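Peer 1: One structure coming up, written as structure tokens, with questions to follow.
Taken together, the values in this text are just the output of simple stated rules run on the coordinates, not laboratory data. What you are looking at is a predicted structure, and each value in this text was computed from that prediction instead of being measured. Counting neighbours? That spans all protein chains shown, and the Cβs are built from the backbone with ideal geometry, glycine included.
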Amino acid sequence: MLRWAPSNFNALEKQRIAVLASGSGSNAEEILRHFEGSALAEVVWVGCNRPEEQAGVYGRTRALGLETTPIQADQLKDGTVLKMLRLARADWVVLAGFLLRIPVEMVRDFQGSMINIHPSLLPLFGGKGMYGMHVHNAVKNSGDLETGITIHFVNEHYDEGAVIFQAKTQLKVSDSPEDIAQKIHILEYEYFPKLIEKTILKDGN
Ligand code: GRF
């Protein structure tokens, strides 16, 4: 939630964003770049549940001056990650291709300030097991000629939190699941950072 500076300053205290990612981290990179030099918010912490050899996010954030913190699935469950987020004084948590389930205590702590991106038009192709290429394969197999992204708040049920924003892209019959993934990434890069910013601003109004 937003913390406001004393009224005589009439300025918003810079918001602190934590990002959780599991893989390549291209969305995390876009978010970092977007908020570089922003007066509104900054990315202060990035965590990843895979080791550096398996996840590009470490290299991407390092190139931008921020070390990604490795985390274990157990640390998510036993509250250690929540402690890390508190230590980082995170106001917002952004899930950018993060594949592990968020424990209910963490969801409650960041109610209304935890944002996820899902690579389909929820409720289509959402829920358990629907992540990454599984989604794009399912879209391909459905024969749908339209798909998109959903940016939403995280609640206690997978992919069911309030929708903040959706954007669509058209598919060709000949598009492979990899082509679909590429079209989705284009939408993600265009909208995710902007929508995080809008959501933070809206919260402060
Ligand atoms: C994104 O398409 C995200 O929507 C999905 O996983 C992908 C992560 O890509 N859930 P990256 O790690 O941000 O490059």
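Peer 1: Full-extension gain between Lys202 and Ala162, please, as 0.36 nm times their residue separation minus the C-alpha to C-alpha distance.
Peer 2: 12.9 nm
Peer 1: Stick to Cα atoms and the Kirkwood definition of Rh, then tell me Rg/Rh for segment 83-148.
Peer 2: Rg divided by Rh gives 1.08.
Peer 1: So, one more: Where does helix 177-203 land angle-wise versus the long Cα axis of the chain, in degrees 0 to 90, nearest 10?
Peer 2: That helix lies at roughly 30 degrees to the long axis.
Peer 1: How far is helix 132-142 tilted, in degrees, relative to the longest principal axis of the Cα atoms in the chain, given as a value from 0 to 90 rounded to the nearest 10?
Peer 2: 40 degrees
Peer 1: Mind checking which of Leu99, Leu124, Leu20 has the largest fluctuation in a GNM of the chain, springs on alpha carbons under 10 Å?
Peer 2: Leu124
Peer 1: Now for a different question. Which of the aspartates and glutamates could be linked to Lys83 by a straight reach, that is with a Cα gap under 12 Å, when you skip same-chain ones fewer than 8 residues away?
Peer 2: Glu105, Asp109
Peer 1: Using a Förster distance of 35 Å, how high is the FRET efficiency between Asp109 and Val173, based on the Cβ-Cβ distance and rounded to 0.05?
Peer 2: E between Asp109 and Val173, to the nearest 0.05, is 0.20.
Peer 1: Taking every eigenvalue of the Cα gyration tensor of segment 11-53, multiplying by 5 and rooting it, what semi-axes result, largest first, whole Å?
Peer 2: Over the Cα atoms of segment 11-53, the semi-axes work out to 23, 11, 6 Å.
Peer 1: Output the Cα-based Rg and Dmax of segment 15-204 in Å, rounding Rg to one decimal and Dmax to a whole number.
Peer 2: 15.9, 49
Peer 1: How big is the antiparallel share of DSSP beta bridges in the chain, given as a percent to the nearest 5?
Peer 2: Of all bridge pairs located within the chain, approximately 40 percent are antiparallel.
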